[in-house]
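Trainee: Here it is, the structure in full.
The values are calculated or read from the model by the stated rules, or taken from the named source; none is laboratory data. Keep in mind it's a predicted model, so treat the numbers as computed, not measured. Because the Cβ atoms are built from the backbone with ideal geometry, glycine has one as well, and the counts that use them run over all protein chains shown.
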Amino acid sequence: MQKVVSYNESEVRKGGSRDDIGRGYNVWVDLSDPSKDEVKSVQKTFGIDEKLLEHYFNQSKKPQVRFLNNLIFTIFLELKYDDAKTLSNEAVYLFHGEGWLVTIHSSRVDLAAAAHRLLEEKNKPIMETSIDALYYNILASIVDRYEQLLTAIELGITDIERRSVYRPNRVMLENLDDFSIQIITLRRHFWHIRDVINSLIHINEDKPDIKYLKIVNDDINQLIELVESYQDTVNSTRELYIANVSLQMNDAVKTLTVFSAILLPLTFVTSLFGMNGLDLNNVLNFPSGFFVVAAVMAFMIGILIIFLRAKKWILVRDADPRTKPDKKKMKES
């Protein structure tokens, strides 16, 4: 699909042509999932080098910028989540010349929405200047959407951190590994984007619309700082997960120890005295030594309960309210 927009300081025309450049218009051609014939037609109209178009035909997805005598070629990536674990990318190819801009991308990239909104709102600072302003704002709109990815990662890590306190499981640890891989991927991509933006600023530093690109440069630097801090957050969350698993294991071992401590002496007594003298046909007829054995067992259980409570392993109560500090008196003091 091909869309052509021509605009100047007074009007925006949809369905323009290459000839509008000579009439004082800026021309933007947006190609979404174009056919080979459409690409060849645009190449012939604007005189785009065939070697640059090879990047599109080969589906190159490395962010980069190349400067020729009459145009600037740029590759940016649109990043989004297909699901909680899959981070997909779609390349956007931009060809920027004197008074014109050509963008090529797949239909999964909604590139025209932000640009059309700027033009339809009659944004005078953009409409009154060269095509550079639109070019820089399209790059800015792509970078702005990167922040949504970081927000999703931050919320995901926070959710894992919250759930790991109560019931940690192996799935949480796998999700943390996925987030760690995504953070590494995003950080490397942001570095490439920063290099592209710095190159554009260095080459076009004398142009008045470079202020838009400098804003993009500040944004990408902030995103890099955020994504690097998220790696530390993932590591600390992983440590919290391991600590909570250890605590749960300690509680389980403590519970088993308590039961073992209670049952072990009972097992010893029953094995020592034996219970073979009990007549199951007349259960009310107890052997003479039965009550002695039962008393010994009850005594040993009582001693163990007192000992375990003294160690605060069982029957632990909250502190006496009378011993708690009075918050009201503390505030008054």
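Trainee: Just to be sure, is Val253 among the β-branched types (Val, Ile, Thr) and buried (at least 16 other Cβ atoms within 10 Å of the Cβ)? Walk me through it before giving the result.
Mentor: Working: among the β-branched types (Val, Ile, Thr): yes; buried (at least 16 other Cβ atoms within 10 Å of the Cβ): no.
Judged against the criteria, Val253 is not a match.
Trainee: Does at least one position in region 35-54 carry a residue that is within 28 Å of the chain's Cα centre (by Cα), loosely packed, with under 12 Cβ neighbours inside 10 Å and farther than 30 Å from Met172 by Cα?
Mentor: Step one: list which residues in region 35-54 are within 28 Å of the chain's Cα centre (by Cα), which gives none.
No, there is no match, as no residue in region 35-54 is within 28 Å of the chain's Cα centre (by Cα), loosely packed, with under 12 Cβ neighbours inside 10 Å and farther than 30 Å from Met172 by Cα.
Trainee: Can you pull out every residue in region 154-190 that is more than 14 Å from Leu87 (Cβ to Cβ) and in contact (Cβ under 8 Å) with a residue 60 or more places away in the chain?
Mentor: Matches in region 154-190: Glu154, Ile157, Ile160, Glu161, Ser164, Val165, Pro168, Met172, Leu173, Leu176.
Trainee: Restricting to region 197-209, what's the tally of residues that are assigned to a helix (DSSP H, G or I) and surrounded by 18 or more Cβ atoms within 10 Å (Cβ to Cβ)? It would help to see each step written out before you state the result.
Mentor: Within region 197-209, the subset assigned to a helix (DSSP H, G or I) is 197-203.
When the remaining residues are screened for being surrounded by 18 or more Cβ atoms within 10 Å (Cβ to Cβ), the result is 197, 200.
Result for region 197-209: 2.
Trainee: Show me the helices (runs of 4 or more DSSP H) found entirely inside region 29-147 where at least 1 residues are at pLDDT 85 or above and over 22 Å from Asn217 (Cα atoms). Give the derivation first.
Mentor: Working: elements: 36-46, 50-57, 112-120, 124-127.
The helices (runs of 4 or more DSSP H) meeting that bar are 36-46, 50-57.
Trainee: Of the numbered conditions (1) within 30 Å of Leu223 (Cα to Cα); (2) in a strand (DSSP E or B), Val5 fails exactly one; give the number of that condition.
Mentor: Unmet condition: (1).
Trainee: Between a residue in region 94-110 that is without any contact (Cβ under 8 Å) to a residue 12 or more places away in the chain and any residue that is assigned to a strand (DSSP E or B) and charged (D, E, K, R), which pairs come within a Cβ distance under 9 Å, given they are 6 or more apart or on different chains?
Mentor: Every condition considered, the pairs that remain are Asp110/Glu78.
Trainee: Hey, another quick one. Among the candidates Arg188, Arg170, which residue alone is farther than 25 Å from Asp209 by Cβ and at pLDDT 85 or above?
Mentor: Of the residues listed, the single one that is farther than 25 Å from Asp209 by Cβ and at pLDDT 85 or above is Arg188.
Trainee: Then there is this: Any idea which of (1) within 23 Å of Asp82 (Cα to Cα); (2) in contact with a helix residue (DSSP H, G or I) (Cβ under 6 Å, 6 or more places away or on another chain) is the one Thr151 doesn't satisfy?
Mentor: (2)
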